[in-house]
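Before any comments, here is the structure.
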Amino acid sequence: MTDPRSEGRSQAIAAAIILMAAGLVLYFMPAVILALGSYSPYLAAGVGACLVLAFFVVFWLRARYQRQRGK
């Protein structure tokens, strides 16, 4: 078995990496949406919705993985 402290630490590191990646995506999202909006407003709305939903999907998948491991 692993040490509970190291397991909690690795979970915190994984969450921090996910949040930093999501922060970068959300930081550049307005520029991407504006660029796509000049081509097609529907495409821009679709991509924007997918980027926001992806943030929640990552955490949902991580929770499913943790449950599957028996946590």
Quiz prompt | Pairwise label distance in nanometres, Leu24 with Tyr39, each label 7 Å out on the Cα-Cβ vector | solution = 2.2
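What number, rounded to the nearest 500 deg cm²/dmol, is the helix-based mean residue ellipticity at 222 nm of the chain, given -39500 (n - 2.57) per DSSP H run of at least four residues and division by all its residues?
Estimated from H runs of four or more residues: -32500 deg cm²/dmol.
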Quiz item: How large, in percent, is the carbon and sulfur part of the accessible surface of the chain at a probe radius of 1.4 Å?
Solution: 72
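The values are calculated or read from the model by the stated rules, or taken from the named source; none is laboratory data. Keep in mind that what you see is a predicted model, and the values were worked out from it rather than measured. Heads up, the Cβs are rebuilt from the backbone with ideal geometry, glycines too, and the neighbour counts pull from every protein chain shown. Please note that ligands, DNA and RNA were not included when accessible areas were found on the heavy atoms of the full protein model with its side chains. Shrake-Rupley method; radii C 1.70, N 1.55, O 1.52, S 1.80 Å.
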